[in-house]
Amino acid sequence: GVKSSGGGVDAWLADIRSALETGNESLLTRSLASEQKERDVYVFSPKGDLYRLPPHATVLDFAYTIHSGVGNHCVGGRVGGKNVPIRQELESGQTVEIITQNNQTPKAEWVSIARSSHAKAKIRAAVRELTAHESALGKEMLERKMMNRKVEWDEALVNQLIRKAGFKESLDFFKAISDNRLET
């Protein structure tokens with residue numbers, strides 16, 4: 001057989017060659033299967049542009065590949081005339097249309113749906129920004145309520161309140177207020 005230093009494609013080709021030479025079916029199947037598993041996905045936009053995505057890429061990955069604004073508002077896709085969820089894995093050759101809604105915002109759990117590091121990074125950044133914004137809003141709401149009740153803002157007191165409410169992070173606590181999940 002052919003010995004090859006370096007793995008990847010060389011090793012794979014060497015495996016296939018020796019499998020073909022020796023008629024070793026299981027090795028051949030295994031080589032093809034492992035290659036199949038990690039193959040990049042190539043999909044088309046409705047305009048006919050070709051995009052390369054990582055293996056097991058989802059509708060969400062494709063949305064973020066087009067533009068982070070498209071990703072942030074993605075609610076699903078249309079593949080072959082059928083509506084599919086954001087977690088739908090794509091296959092090479094498909095034409096994928098992204099469906100967006102303006103009121104859609106990125107969720108932390110999207111990170112586990114995305115396969116590409118690009119999409120994961122964009123999601124994390126958007127979620128951080130959103131959380132910071134909602135937290136600032138919540139802090140403002142609490143300050144206003146305390147002022148209305150003539151209660152002095154006291155950092156130590158507020159931190160005590162946050163812990164008592166069962167929050168580790170003040171950011172999460174203020175976000176909960178702005179989401180109206182917390183009675184103040």
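The values are calculated or read from the model by the stated rules, or taken from the named source; none is laboratory data. Predicted model, so just to flag it, every value in this text is computed and none were measured. For neighbour counting, all protein chains shown are included, and Cβ atoms are generated from backbone atoms with ideal geometry for every residue, glycine included. These accessible areas exclude ligands, DNA and RNA; they are computed on the full protein's heavy atoms, side chains included. Shrake-Rupley method; radii C 1.70, N 1.55, O 1.52, S 1.80 Å.
A compact table of results
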item: Protein accessible area in region 33-184, 1.4 Å probe - carbon and sulfur %; result: 49 percent
item: Residues of region 48-134: accessible area per residue with a 1.4 Å probe, Å²; result: 54 Å²
item: Under 29 Å from the Cα of residue 150 - lysines, other chains or at least 8 residues apart; result: 139, 164, 168, 175
item: Spacing of the two label points (7 Å from each Cα toward its C-beta) at residue 151 and residue 124, in nm; result: 3.6 nm
item: Length added when fully stretched, residue 107-residue 56, from 0.36 nm per residue minus Cα-Cα; result: 16.4 nm
item: Gain upon complete extension [residue 144, residue 180; 0.36 nm per residue less C-alpha separation]; result: 11.5 nm
item: Scattering profile of region 48-184 at q = 0.12, 0.13, 0.16 Å⁻¹ [log10 I(q)/I(0), Debye over alpha-carbon scatterers]; result: -0.59, -0.65, -0.80
item: Estimated dipole of region 46-184 in Debye, rounded to 20 [Cβ of Lys and Arg +1, of Asp and Glu -1, Cα centre]; result: 120 debye
item: Under 30 Å from residue 82, Cα to Cα: lysines that are on another chain or at least 8 residues apart; result: 37, 47, 107, 120, 122
